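So the structure is just underneath, and the comments pick up after that.
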Amino acid sequence: MCPLYGRRFRHHDRLLRQTLFLGAFLLRNRIRFAFFLSCALFVAGTLLAQKKSPPKDSPNLLLPPSEDVLRAWNDVGGKLIDMAQDFPENKYDFKVQKDQRTFAENILHVSGGMFQAASAVKGTKIGPAFDELQGPSRANYKTKADVVKLIKDAVAAGAAVIKTQGDAGLNKPVLSPFTADAVRTSTLWWTLIEETGEHYGQLVVYYRANNMVPPASR
């Protein structure tokens, strides 16, 4: 072999080995860099999530008291609104037993109670005039549209008072329109929410007796 050619060959071979070594070095470091970057991002994300999420026993997880009441009020009231809108008008005077209220009368009864409670808490009359012992009369709310509007207005009226009164309003004394006892406002709201839930359960029976599925169960 020519000495000049041999030197060139060894030179190119050395350059090739150096290039391959450098490439392997850069590849290993790139993988390491990507690995460490992924770890760093994971740790940072975890710390950020821990910072944003309060501990399980933190009071920050709880809704303000008035929002708690408002959510429950709108939930059960919304179920009755859905029923009133969904139940066939030709079955509005249906009842399971002869001594029970009809479907429409149940909705009217709950609506009246909601208006009475909202009026007592606000301190002024809210809603249409009706006999507070008997509640809104079916004779005055003859159509499905009339009944639906009344329950919608009643739920909205109560929600507006709860929002306006806020947390501070829940501890104020109020004369219950149902027992004439002085109670906390929060007690009056929760009592009515519970009673509304009982009427909802009764109307579920009316649905089932007609081989129908209540809107909330679909």
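What follows is calculated from the coordinates using simple rules that are stated; it is not laboratory data. Note that the coordinates shown come from a computational prediction; the quantities given were computed from them, not determined experimentally. All Cβ positions, glycine included, derive from the backbone under ideal geometry; neighbour counts span all protein chains shown.
A few comments on the model shown:
- Label positions at ALA180 and ASN90, each projected 7 Å from the Cα along the C-beta direction, are separated by 4.7 nm.
- Note on LYS98, LYS144, LYS172: ascending count of other Cβ atoms within 10 Å places them as LYS98, LYS172, LYS144, the fewest first.
- A simple count of charges around ALA104, restricted to other residues whose Cβ falls under 12 Å of its Cβ and scoring Lys, Arg +1 and Asp, Glu -1, yields +2.
- Nearby aspartates and glutamates by direct alpha-carbon distance to LYS142 (threshold 14 angstrom, same-chain neighbours under 8 apart not counted): GLU89, ASP93, GLU105
- Total formal charge among the other residues, if their Cβ is under 14 angstrom from that of LEU188, Lys/Arg +1 and Asp/Glu -1: 0
- Going by neighbour counts of Cβ atoms within 10 Å, the residues VAL121, VAL183 line up, fewest first, as VAL183, VAL121.
- Computed label-point distance, nm, for sites ASN211 and ASP82 using a 7 Å Cα→Cβ extension: 2.3 nm
- Each residue in LEU175, LEU150 was given a count of other beta-carbon atoms within 10 angstrom of its own, and listing them fewest first yields LEU175, LEU150.
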